[in-house]
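Chemist: Structure provided below as structure tokens; questions to follow.
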Protein chains: 6
Amino acid sequence: MTHTPDIKRPSRALVEALGTIGSATAAGELNLMGIRDTQIRGPVAHSKGRSIAGPALTLQFMPKREDIYGASEYDDPEKQLHRHVLYHAQAGDVVVVDARGDMASGVFGEMMLTYFAGRGGAGVVIDGCIRDSAEAFKLDLGYWIRGVTPNYHTQTNIIPFAVNVPIACGNALVFPGDIIIADDDGAVVVPIAKAEELLERASQHVEWEEFSKLRLSQGADLRKYYPLSPEAQGEYETWRAAQKHRR
Amino acid sequence: MTHTPDIKRPSRALVEALGTIGSATAAGELNLMGIRDTQIRGPVAHSKGRSIAGPALTLQFMPKREDIYGASEYDDPEKQLHRHVLYHAQAGDVVVVDARGDMASGVFGEMMLTYFAGRGGAGVVIDGCIRDSAEAFKLDLGYWIRGVTPNYHTQTNIIPFAVNVPIACGNALVFPGDIIIADDDGAVVVPIAKAEELLERASQHVEWEEFSKLRLSQGADLRKYYPLSPEAQGEYETWRAAQKHRR
Amino acid sequence: MTHTPDIKRPSRALVEALGTIGSATAAGELNLMGIRDTQIRGPVAHSKGRSIAGPALTLQFMPKREDIYGASEYDDPEKQLHRHVLYHAQAGDVVVVDARGDMASGVFGEMMLTYFAGRGGAGVVIDGCIRDSAEAFKLDLGYWIRGVTPNYHTQTNIIPFAVNVPIACGNALVFPGDIIIADDDGAVVVPIAKAEELLERASQHVEWEEFSKLRLSQGADLRKYYPLSPEAQGEYETWRAAQKHRR
Amino acid sequence: MTHTPDIKRPSRALVEALGTIGSATAAGELNLMGIRDTQIRGPVAHSKGRSIAGPALTLQFMPKREDIYGASEYDDPEKQLHRHVLYHAQAGDVVVVDARGDMASGVFGEMMLTYFAGRGGAGVVIDGCIRDSAEAFKLDLGYWIRGVTPNYHTQTNIIPFAVNVPIACGNALVFPGDIIIADDDGAVVVPIAKAEELLERASQHVEWEEFSKLRLSQGADLRKYYPLSPEAQGEYETWRAAQKHRR
Amino acid sequence: MTHTPDIKRPSRALVEALGTIGSATAAGELNLMGIRDTQIRGPVAHSKGRSIAGPALTLQFMPKREDIYGASEYDDPEKQLHRHVLYHAQAGDVVVVDARGDMASGVFGEMMLTYFAGRGGAGVVIDGCIRDSAEAFKLDLGYWIRGVTPNYHTQTNIIPFAVNVPIACGNALVFPGDIIIADDDGAVVVPIAKAEELLERASQHVEWEEFSKLRLSQGADLRKYYPLSPEAQGEYETWRAAQKHRR
Amino acid sequence: MTHTPDIKRPSRALVEALGTIGSATAAGELNLMGIRDTQIRGPVAHSKGRSIAGPALTLQFMPKREDIYGASEYDDPEKQLHRHVLYHAQAGDVVVVDARGDMASGVFGEMMLTYFAGRGGAGVVIDGCIRDSAEAFKLDLGYWIRGVTPNYHTQTNIIPFAVNVPIACGNALVFPGDIIIADDDGAVVVPIAKAEELLERASQHVEWEEFSKLRLSQGADLRKYYPLSPEAQGEYETWRAAQKHRR
């Protein structure tokens, strides 16, 4: 019988905290921490407005070779590895799939995604497609995918090959158990060993940004308000005091 | 005068029945029937939520060659072949265009599409673009296209060349009179000679799928409910009986 | 200190008049005036329903070279040229960016775009991406872009290099001060020296088009109504008279 | 039995004369005659040093559809249309193939190409690949192809579909019987109706070019010698006289 | 210390026999045996005229992530996995590399390739580049690569990640120990379990092909000689008898 | 009259010294000096065996716009900017062209290249094509180009726009006067301000490399000889002494 490893999950507190910083802050800070580019490029948000963070379950597809994966594979569902990655699903998990950018293979369909949503999954990041998209997009899941297709997962070019191994998704190397942060700007991989440091850096809140944004929206001078110039410091402090008073 | 052939249309009953199965079932069953890949890849749904089936009228574009298609062509609208494919339009027809993937040519604009909608056309599948998209998308038509452009159809790279001939659209070979099934997952070509068999196969309804989906959405075990295991058979039958009672 | 040139703006009346003709008419007429292809291809409308016209401020990115643009660049915001193009922003302006089609660089983020909106900017046309898109799309701006990314503007492959110089954006040559017309079909560059002639040509209103469109939507014969045939002339005149009466 | 049409061939004299002008002159002059771009782009010279001209036999491939072209097709070689285009081959002919840019299909192999060479064929222009390339390149044929592959012609994505019909090869529209001029710079399609005019234009020999090239190779001033300036006219005439004397 | 597994090598006799059949026969026969497409597409022959067969040592690259592979990696050469795949090299081996199609990374340079040649390696198949190509091409090795670059292997986008694991190279799935057949037409993967059957099929020599090729090269009728028609059978037998006599 | 600036050339000694280090050493050392990727990617060596270094004259093409560059442009050759970059040519110079990757435009033809060779030019690096390639490749010039075409430079998509301005060629930013090092591995841009440091680093000759290469070619252990291990130090010194003796 097929056995696939589970992942080690970080503390719920860490994941939830990372869920508040957004992909843009994550990508920028990780870059300043020395990792040039952590965006999982290719998959784009198909569930606009969702912002998630969660540990990565990984699924690797390979080019199809009929001597390895034949029609008979379907006789025993347990041999289908795209099911196995879902067997590990826990609430908040993110399934990340190296589908080789293939536009002719629907990695998951309605039944698999319904199951994943039922398990409390947070979302999927697929360098490829899903199928049954009309139904899938009604589920309570986030989708970062290349597109959709009517084709099933092994219909043409690729086959599921390994679960919870390091994968390449888009241009990014993702280890099982790394944390994914994803929102409308895209999906970013946070190496698990960097997660605490990222959180710490992202928490150094620039308090004056809200004030600056207000002023900019009013047509004020970019040079004066972003970054906040010494000249605008007093004005900011007055505003902040008023804000506190108002609350 | 230019004369172009009409197509032979299948029975209305057949087309309507095929309209209920969806592109994913069509693509999957046709694959199991021996046709590897019937998705018309490239064009994607721009009219989300629509699901259509209809016979294909076809239009073939070719690379522009100014000795064949000059400015004077415009003096006589009857010479413009993209009009001719629409002359054949009947209620429920689908216009399928090999526009060579060109992103700089608007195959149809508002006037042509208004006419097609007025004739009861079901939709267009274009390996290329339309123009006047803001107005076009208000019409009662389905759109599976690569994108939109302000350019007119022969402005840059391509010219309409033949009507109701076999064409390549995306990666698919489409004969005039084949049936197109299209929805949010994409567009699929059903060879007319395979239409009856496809319908029959698609009609073998898997009755337990609705039950399984319910259980999966409740977080139940994928192995137990999809496919339905012997272990869950009794539970399913009880549920089905209750369902019937409820109606 | 960095100094960048401003642009010469056309009369407000001219720009506003051009704002009514739409990108499709602009592209088609400019083609008939001898400029084969004026679409800025690549960037697509991400702010559906908006239709703008405005003079182009231009920003050119170049491939990143660390000896030219290093980490220290950030110490002095005034050295960041993507800020400088915004310093010139006036109400109705359009910022056009040659971002080299790069999908890994967010040319502008929320703060920059908030400032641009605060100055009354009409929109941005970027052969590349923005970041902070969820917030950006709430601003009163039009977006013609390739996509979105969490990455910041100089994070990976490109650096801002020049402001208000001639640039290539998509396949189009744009001079600072040219007029951009953009809507759901895409963005078109109007050479400033051709703007008056374009406007004149576009104003030759084909009065019968509204009538023809109505008839086409009712399923009437394309040959009879588009273009309007002599046979339909009387019917059209009757309709027009009735229309005037109704008003 | 399959029957495919032959082509009408131009006079041998015309073809031979065109064989002397080269693809660069052909493309340039045809452009000045109003046909913007006649290069068959994609196929490149794999038989360096050859320069040919000849009438086009055409072969069109289409996306593979197993209901149209099955394994049984091989039982009767006469059904294989890539053979039929060769049945028409006469000395000096050029076979032009729309192979859809496919890199996974070897349109012709050693046996077919040996036959074509045996019939006196001049060369092949294929928007795709051949196989058995080591042997094929030893034949007395010109090759303008995208590449080579071990795969046979219908192994993966495409099937031969029609012979001596108008085709798109690369970005060019080619009619059966058009003349192909091909050399190291690439392949150009000469519309048969333009062939005489092209020849006439190309024959207006610029006699001074040889002289200018000599001077440029000696490091002389480009402005003075190309195009030949009035200042250099006398020098040229002296040179020409000396040349004639020398012969 | 880093340890990587070796491969199980097939009998020398098997490999040598496969070395005589060529990639075209291998690809075609494997297709008829049910494996649709075994070409490793992307890498092309840079060592024209070589024809090899040998067991695959595999090397997998992954997208670069600076937290995994930093500058310090170079302090200990033993951590560099592209060296380790070569440690396993035996005479006749073929190194197959998934370099992710990257054109900015030179997977091996002169020193590594000199070592591999020194060990008797047969060749490399790389979905990417080598560097030091002028020197490398002088070595007694076969090269199937995408191109060349001055960049070193981890300079930009990728890092070596695993040795002798299943990899995707081009569009093909390659297991360590599979047999590679490569020549001017390209490289083909022979699944080790299919090698004997392939050899047997390829050995069913079609004796008349040589005769047919001769006749075709003389301008004879394709229909009569390929495949050999009953009509030509007598002629063939006469020719064969004469051939034997001649020897 | 059109005037374009010349470049400032480095000392001949510097250029010649850089000409000996090769593109691979240059790219690698510049990377270690902090410039990630200096390869001009896209153009590849078409003049195998040549190795050059020289200061860059630059030429920028822009997308064609017929209101800027019309047919009449040809009436006055002096308006053609691709001529002007050559007017500056001195012995050893390298012309670097941003031709926007266009495959349908022959940036230079035989006459221009003959002139450049006549002036002692070292080579051209073009992110695009040349024409008249059969004649061009006979000249004493190095070619790093994408390909060849029969089309002339402004025939289709692009026009020459500026001379000796900073350009993007492939993925690299090149300033006029930077030094280009190019050989069979490709072309690398050396920022002029980094040239001295690069030379110094490249000159730190690793004396044992020649010895190691010899041993590796004899099948010796990679771990022992590359890098040279302490274990092999004595053997190396013996070899070196013998070498000196031999000379």
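Chemist: State whether the residues of region D:103-110 include one that is in contact with a helix residue (DSSP H, G or I) (Cβ under 6 Å, 6 or more places away or on another chain) and either open to solvent by less than 10 Å² (accessible area, probe 1.4 Å) or assigned to a loop (DSSP other than H, G, I, E, B) (or both).
Modeler: No, region D:103-110 has no match at all.
Chemist: Return yes or no: is C:V94 over 30 Å from F:Q39 (Cβ atoms) and either in contact (Cβ under 8 Å) with a residue 12 or more places away in the chain or open to solvent by less than 10 Å² (accessible area, probe 1.4 Å) (or both)?
Modeler: yes
Chemist: Which residue, of F:G28, F:G19, F:G49, F:G34, is open to solvent by 30 Å² or more (accessible area, probe 1.4 Å) and either at the interface with chain E (Cβ under 8 Å from one of its Cβ atoms) or touching a strand residue (DSSP E or B) at 6+ places or on another chain (Cβ under 8 Å) (or both)?
Modeler: Answer to the check: F:G49.
Chemist: What's the number of the only condition in (1) open to solvent by less than 60 Å² (accessible area, probe 1.4 Å); (2) free of Cβ contacts under 8 Å to residues at least 12 places away in the same chain that E:L14 fails to meet?
Modeler: So E:L14 meets the others, but not (2).
Chemist: Only one of C:N164, C:N151, C:N171, C:N157 is under 30 Å from F:F175 (Cβ atoms) and at pLDDT below 95; which? Working first, answer last.
Modeler: Numbers: C:N164 fails: at pLDDT below 95; C:N151 fails: at pLDDT below 95; C:N157 fails: at pLDDT below 95.
Step by step, each of C:N164, C:N151, C:N171, C:N157 is checked, and only C:N171 is under 30 Å from F:F175 (Cβ atoms) and at pLDDT below 95.
Chemist: If you don't mind, there's one more thing I want to ask. Do you know which of the residues in region D:130-140 that are charged (D, E, K, R) and in a loop (DSSP other than H, G, I, E, B) is most open to solvent (accessible area, probe 1.4 Å)?
Modeler: D:K138
Chemist: Applying the selection to region C:124-156, what residues are of a type in the set (A, V, I, L, M, F, W, C) and more than 10 Å from every other protein chain (Cβ to nearest Cβ)?
Modeler: C:V124, C:V125, C:I126, C:L141, C:W144, C:I145
Chemist: Quick one: which of A:G42, A:G121 is part of a loop (DSSP other than H, G, I, E, B), open to solvent by less than 30 Å² (accessible area, probe 1.4 Å) and within 13 Å of chain B (Cβ to nearest Cβ)?
Modeler: After applying the criteria, what remains is A:G121.
Chemist: Kindly list the number of the only condition in (1) more than 7 Å from every other protein chain (Cβ to nearest Cβ); (2) under 30 Å from C:L81 (Cβ atoms); (3) under 19 Å from the mean Cα position of the chain (by Cα) that fails for A:K224.
Modeler: (3)
Chemist: Now, a different point. State whether the residues of region A:227-239 include one that is under 30 Å from the mean Cα position of the chain (by Cα), more than 14 Å from chain C (Cβ to nearest Cβ) and either without any contact (Cβ under 8 Å) to a residue 12 or more places away in the chain or at positive phi (or both).
Modeler: The answer is no; no qualifying residue exists.
Chemist: Another question, if that's okay. Would you check if there is a residue in region E:67-84 being within 13 Å of E:I159 (Cα to Cα), out of contact with any helix residue (DSSP H, G or I) (no Cβ under 7 Å at 6 or more places or on another chain) and facing chain F (nearest Cβ under 10 Å)?
Modeler: Checking region E:67-84: at least one residue is within 13 Å of E:I159 (Cα to Cα), out of contact with any helix residue (DSSP H, G or I) (no Cβ under 7 Å at 6 or more places or on another chain) and facing chain F (nearest Cβ under 10 Å).
Chemist: Hey, another quick one. Looking only at region E:177-224, how many residues end up being free of Cβ contacts under 8 Å to residues at least 60 places away in the same chain and in contact with a strand residue (DSSP E or B) (Cβ under 9 Å, 6 or more places away or on another chain)?
Modeler: Total meeting the criteria: 5.
Chemist: Scan region D:189-234 for residues that are under 30 Å from D:A172 (Cα atoms) and either acidic (D, E) or in contact with a helix residue (DSSP H, G or I) (Cβ under 7 Å, 6 or more places away or on another chain) (or both) and jot them down.
Modeler: So in region D:189-234, the residues under 30 Å from D:A172 (Cα atoms) come out as D:189-206.
Of everything in region D:189-234, those that are under 30 Å from D:A172 (Cα atoms) and either acidic (D, E) or in contact with a helix residue (DSSP H, G or I) (Cβ under 7 Å, 6 or more places away or on another chain) (or both) turn out to be D:V190, D:K194, D:A195, D:E196, D:E197, D:L198, D:L199, D:E200, D:R201, D:A202.
Chemist: For the structure I just gave you, tell me whether D:A53 is under 16 Å from the mean Cα position of the chain (by Cα), without any contact (Cβ under 8 Å) to a residue 40 or more places away in the chain and within 20 Å of D:P176 (Cβ to Cβ).
Modeler: no
Chemist: Looking at region A:15-37, which of its residues are under 19 Å from A:Q204 (Cβ atoms) and either in a loop (DSSP other than H, G, I, E, B) or touching a Lys or Arg at 6+ places or on another chain (Cβ under 6 Å) (or both)?
Modeler: A:G19, A:T20, A:I21, A:A24, A:E29, A:M33, A:G34, A:I35
Chemist: Can you find, within region B:170-188, the residue that is nearest to B:V96 (Cα to Cα) among those that are touching a helix residue (DSSP H, G or I) at 6+ places or on another chain (Cβ under 8 Å) and facing another protein chain (nearest Cβ under 8 Å)?
Modeler: The first filter runs over region B:170-188 and keeps only residues touching a helix residue (DSSP H, G or I) at 6+ places or on another chain (Cβ under 8 Å), leaving B:175, B:177-179, B:181-188.
Now narrow it down to the ones that are facing another protein chain (nearest Cβ under 8 Å): B:183-186, B:188.
On the way: B:D183: 15, B:D184: 17, B:D185: 17, B:G186: 13, B:V188: 11 Å.
The extreme case among them is B:V188.
Chemist: Looking at (1) under 18 Å from A:D185 (Cβ atoms); (2) among the charged types (D, E, K, R); (3) in contact (Cβ under 8 Å) with a residue 40 or more places away in the chain, find the lone condition where C:E110 falls short.
Modeler: Tallying (1) under 18 Å from A:D185 (Cβ atoms); (2) among the charged types (D, E, K, R); (3) in contact (Cβ under 8 Å) with a residue 40 or more places away in the chain, C:E110 fails exactly one: (3).
The values are calculated or read from the model by the stated rules, or taken from the named source; none is laboratory data. Everything quoted here is computed from the prediction, not taken from an experiment. Ideal geometry is used to build each Cβ from the backbone, glycine not excepted, and the neighbour counts take in all protein chains shown. Note: accessible area is taken over every heavy atom of the protein model, side chains too, but ligands, DNA and RNA are not part of it. Shrake-Rupley method; radii C 1.70, N 1.55, O 1.52, S 1.80 Å.
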